[in-house]
Amino acid sequence: MRAIWITSSAGPAGLEVRESPDPVPGPGQVRVRVRAAGLCFAEVMAAQGLYPDRPKPPCVMGYEVAGVIDAVGDGVADDLVDSRVIALTRYGGHSDVVCVPAGQALPIPDGKDFEEAAALPVNYLTAYHMLFRVACVRPGERVLVHMAAGGVGTAVLQLCRTIDGVVTFGTASAAKHEALRAQGCTHPIDYRTADYVAEVRRLTNGEGVDVVLDSLGGADWRKGLKLLRPVGRLVAYGFANLASGQRRRPVHVLSQIASMPRLTPVQLMNRNKSVCGVHIGRLWDQIPMLRQELGEVLALWEAGRITPRIDATYPFVKAADAHRRILSRQNTGKIVLTP
Ligand SMILES: NC(=O)c1ccc[n+]([C@@H]2O[C@H](COP(=O)([O-])OP(=O)(O)OC[C@H]3O[C@@H](n4cnc5c(N)ncnc54)[C@H](OP(=O)(O)O)[C@@H]3O)[C@@H](O)[C@H]2O)c1
């Protein structure tokens, strides 16, 4: 097998493609020949040593793949062989072959391709889980999402379109605003040249929003809380502000951690606001819930109501360029890796 190894915390420069023997599926597992794997922001942070869940290097990350089952372990039906599936992997997805528990693989609908399939699991599960299970967005509500042009951001915008009358505010670089509107964003905001807090207030006559989906962290969590209307929900689901370019900068990391809001339940009670956390990677063993949510995402995909936006596809040997594209904030939508 071939896989993309993180060999250090040097960012893209520390990635290497290495060969090793193929894994054998254990009891209850299926083995997937990977045709496409998703690249997530968490893996880009992991390569810089900024992702707490990263195993000690050398390690192979990769939360999601699409491919074909070519072998099954004891206790798994033989007729699954040759099925086209998406699979949740933790980790090892950045390989041309990976074994997963059979319950973590779901069939790809007929006529759908592997690259789009690989772009679904993490981004759309995260977006779906936040919007429908945690924040419970209702028709007509206002939702602010950060990193709106990224993989999760575009998934959020598309899923918001499936709820009547939801108004979306998305922060992204100005060059991506047309693409954002095409994904359903009502109000793209260029956070690089404008104060997004002032902009949201202006667009809502000072009222603010019902839901903030914040993957930036640090001082942005503080700002998000201020933007919430009564009964508003802030969902914290990432800390991208820790990344400050191609390399880790410890002083920057510390200043971001210091700028987080300090909250008490009494403050939240008195302000009628909620703060929720979502970390899909730490729900990987909640298979019934994830299968149900992913099943609903697959049904929306099959019905043509959502379509993953692929920014670019890179072969494994160009994985460092794929990481650099995200770190230099060039992508709109998902980056996919192919063996
Ligand atoms: N909790 C969970 O379960 C979960 C699951 C998936 C992802 N996440 C989190 O969700 C966030 C988005 O992930 P993603 O995979 O959708 O991201 P992505 O597709 O890699 O998005 C990257 C884009 O985000 C913007 N950005 C804003 N701040 C950035 C920074 N400091 N460094 C680089 N890019 C930055 C850039 O676009 P602009 O220039 O247009 O702003 C960039 O092009 C990340 O924080 C990730 O960790 C969390």
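So that you can scan it fast, the table gives a plain yes or no per residue for (1) open to solvent by 40 Å² or more (accessible area, probe 1.4 Å); (2) within 26 Å of TYR128 (Cβ to Cβ); (3) touching a residue at least 24 places away in the same chain (Cβ under 8 Å); (4) more than 9 Å from the ligand (Cβ to nearest atom):
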site: GLY238; (1), (2), (3), (4): no, yes, yes, no
site: ASN241; (1), (2), (3), (4): no, yes, yes, no
site: ARG248; (1), (2), (3), (4): yes, no, yes, yes
site: VAL251; (1), (2), (3), (4): yes, no, no, yes
site: VAL266; (1), (2), (3), (4): yes, no, no, yes
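PHE316 is checked against (1) touching a residue at least 60 places away in the same chain (Cβ under 8 Å); (2) among the hydrophobic types (A, V, I, L, M, F, W, C); (3) open to solvent by 20 Å² or more (accessible area, probe 1.4 Å) and fails just one. What number does that condition carry?
(3)
Wholly within the range 109-196, which helices (runs of 4 or more DSSP H) include no fewer than the required count, namely at least 2 residues that are open to solvent by 40 Å² or more (accessible area, probe 1.4 Å) and of a type outside the set (Lys, Arg)?
Counting at least 2 such residues, we get 114-118, 177-182.
Could you tell me whether the range 27-36 includes any residue that is open to solvent by less than 60 Å² (accessible area, probe 1.4 Å) and free of Cβ contacts under 8 Å to residues at least 60 places away in the same chain?
Within the range 27-36, not a single residue is open to solvent by less than 60 Å² (accessible area, probe 1.4 Å) and free of Cβ contacts under 8 Å to residues at least 60 places away in the same chain.
Pick from GLY151, GLY170: which is in the same structural domain as LEU213 (by TED's automatic domain parsing) and free of Cβ contacts under 8 Å to residues at least 40 places away in the same chain?
GLY170
Of all residues in the range 265-298, which are part of a loop (DSSP other than H, G, I, E, B) and farther than 13 Å from LEU225 by Cα?
Correct list: VAL278, HIS279, TRP284, ASP285, GLN286.
If I filter the range 42-82 down to residues being in contact with a Pro (Cβ under 8 Å, 6 or more places away or on another chain) and under 25 Å from THR126 (Cβ atoms), which single residue comes out as surrounded by the most Cβ atoms within 10 Å (Cβ to Cβ)?
Let us first name the residues in the range 42-82 that are in contact with a Pro (Cβ under 8 Å, 6 or more places away or on another chain), namely 47, 63-64, 71-76.
Pick out the ones that are also under 25 Å from THR126 (Cβ atoms) and you get 47, 63-64.
Numbers: ALA47: 28, TYR63: 24, GLU64: 25.
Per the criteria, the residue is ALA47.
The values are calculated or read from the model by the stated rules, or taken from the named source; none is laboratory data. Quick caveat: nothing in here was measured; it's all calculated off a predicted structure. Glycine gets a Cβ as well: all are built from the backbone with ideal geometry, and neighbour counts include every protein chain shown. These accessible areas exclude ligands, DNA and RNA; they are computed on the full protein's heavy atoms, side chains included. Shrake-Rupley method; radii C 1.70, N 1.55, O 1.52, S 1.80 Å.
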